[in-house]
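J.: Okay, here's the structure, questions in a sec.
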Amino acid sequence: MGADIHGFIECRSRWAGPRDTWSAAVDLNLVYLGRDYDAFGCLFGVRNYAGFAPLAAERGLPELISDAARADFDEWASDAHSPSWIGWSEVKCVDWDEAAETVDRRIHEYEEVNGTWVLVGKAGWSARFARAAGLPAGPSTAGDDPYGRRDWPEGAEWRDGDRLYRLERMTRREAVPPEGEWKPVWSVMEALGAVHGDENVRLTVWFDN
């Protein structure tokens, strides 16, 4: 079952006091339409198959959450999980070239196109890869590793015709590309920060399956 993200970009006035209520500036669903587990894992630790140290995992809802964000969260009732938030001042300081703590649990699959390897996907299980690697035809039930292996080195590769399979470690920039689906979110937060101060802008989120 897939996981989706919900939430609001929240802001408070430059002249607000530390206990003043925040306002819901933009519904996240208006500026982010994706379902990218690499980004979810990198930012909030949800579906973190790539093995990142999450930037803002399981912080819960902010104490002074906006009325709109609270009402929307409450509508999800028992379906909502992993609420958290991250401030724009934190996002601005992220080292996007930082690598994940572990190699990706998924095998990265490339297709040869005009002499160049092009990434076509990452899968927790691939029967074609299993054949190329000389593994059993069905996923292993041992632990959380469907291939039943622990000793493959980072960068290990397997070739099968026009397909290349590789064990890789991702960077934050690969998980959240600067020109990717999160760019509108960062642009809105940046604009609000320029008016009200970076410390007065945050992204409050939760997930559902």
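The values are calculated or read from the model by the stated rules, or taken from the named source; none is laboratory data. Everything quoted here is computed from the prediction, not taken from an experiment. Cβ atoms come from the backbone with ideal geometry, glycine included; neighbour counts cover every protein chain shown. Remember, those area values only see protein heavy atoms, side chains included, never the ligands or the DNA or RNA. Shrake-Rupley method; radii C 1.70, N 1.55, O 1.52, S 1.80 Å.
J.: Using the beta-carbon distance between residue 157 and residue 114 and R0 = 22 Å, what value does 1/(1 + (r/R0)^6) give for FRET efficiency, to the nearest 0.05? Could the numbers behind the result be given before it?
T.: On the way: r = 20 Å, r/R0 = 0.90.
That gives a FRET efficiency of 0.65.
J.: Using modelled amide H (1.01 Å from N, peptide plane; none on Pro or chain starts), what sits under 5 Å from the amide H of residue 52, excluding residues fewer than 5 places away?
T.: 101
J.: Identify, among 24, 69, 34, the residue whose Cα sits farthest towards the positive end of the charge dipole of the chain, taking +1 on the Cβ of Lys and Arg and -1 on the Cβ of Asp and Glu, with the dipole about the Cα centre.
T.: The Cα lying farthest towards the positive end belongs to 34.
J.: Still on this model: Quick one: grab the alpha carbon gyration tensor of the range 87-209, order the square roots of its eigenvalues as a ≥ b ≥ c, and give me rounded if a/c is under 1.5, else prolate or oblate depending on whether a/b is larger than b/c. Let's see the in-between values first.
T.: Working: a/c = 2.96, a/b = 2.15, b/c = 1.38.
In terms of gyration-tensor shape, prolate.
J.: Another question, then. Between residue 20 and residue 4, what is 0.36 nm times their sequence separation minus the Cα-Cα distance? Round to one decimal in nm.
T.: Length difference between fully extended and current span is 2.8 nm.
J.: Reported to two decimal places, what Rg/Rh ratio describes the range 1-135 when computed on Cα atoms with Rh from the Kirkwood expression?
T.: Reported Rg/Rh (Cα atoms, Kirkwood Rh): 1.07.
J.: Amide H to amide H, which residues 5 or more places from residue 156 or on other chains are under 5 Å from it, using H placed in the peptide plane?
T.: 167
J.: Taking a probe of 1.4 Å, how large is the accessible area per residue of the range 30-82, in Å²?
T.: Result: 48 Å² per residue.
J.: Next question, about the same structure. Hey, any idea what % of the chain's accessible area is carbon plus sulfur with a 1.4 Å probe?
T.: 49
J.: Still on this structure, I have one more. At what distance in nm do the modelled label points of residue 93 and residue 171 sit from each other, each positioned 7 Å from its Cα along Cα→Cβ?
T.: With each label placed 7 Å out from Cα toward Cβ, I get 2.1 nm.
J.: Hey, what angle do you get for helix 67-76 against the long axis of the chain, alpha-carbon based, 0 to 90 degrees rounded to 10?
T.: Around 40 degrees separate the two axes.
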